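Below is one structure; the comments refer to it alone.
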Amino acid sequence: MALKSLREEQGLTQAALATNCRCDVSSISKLERGLTQPSLHFMLILAKGLDVDPEELLRRTLANSPDVSK
């Protein structure tokens, strides 16, 4: 997931993003490490927490996904 790179581009820590998204830091960590996949609803929350368009988050996530054929 492109979450880590987007988060770092915004200058946010995992803790700050978790606060923005009203979730646990462990949730952000698991997403960044690929241990869990977010629901569509949580993708929208992440986009808002990152202050990016949801389409941008989805586009970058799909571009970095080895499971998506191009």
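The values are calculated or read from the model by the stated rules, or taken from the named source; none is laboratory data. Given the structure is predicted, the values throughout are model-derived calculations rather than measurements. Glycine gets a Cβ as well: all are built from the backbone with ideal geometry, and neighbour counts include every protein chain shown. Ligands, DNA and RNA are excluded from the accessible area calculation, which covers all protein heavy atoms including side chains. Shrake-Rupley method; radii C 1.70, N 1.55, O 1.52, S 1.80 Å.
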### One residue from LEU44, LEU35, LEU40 being free of Cβ contacts under 8 Å to residues at least 60 places away in the same chain, surrounded by 14 or more Cβ atoms within 10 Å (Cβ to Cβ) and of a type outside the set (Lys, Arg)
LEU44
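Would you check which residues across the stretch 46-70 are in a loop (DSSP other than H, G, I, E, B), modelled with pLDDT under 95 and either touching a Leu at 6+ places or on another chain (Cβ under 9 Å) or not small (Gly, Ala, Ser) (or both) and list them?
Initial filter on the stretch 46-70 (in a loop (DSSP other than H, G, I, E, B)): 51-53, 64-70.
Adding the requirement that they be modelled with pLDDT under 95 leaves 64-70.
Hits for the stretch 46-70 are ASN64, PRO66, ASP67, VAL68, LYS70.
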### Message
Return the residues of the stretch 11-29 that are open to solvent by 40 Å² or more (accessible area, probe 1.4 Å), closer than 15 Å to ASP51 by Cβ, assigned to a helix (DSSP H, G or I) and free of Cβ contacts under 8 Å to residues at least 12 places away in the same chain; say none if nothing qualifies.
### Response
THR19
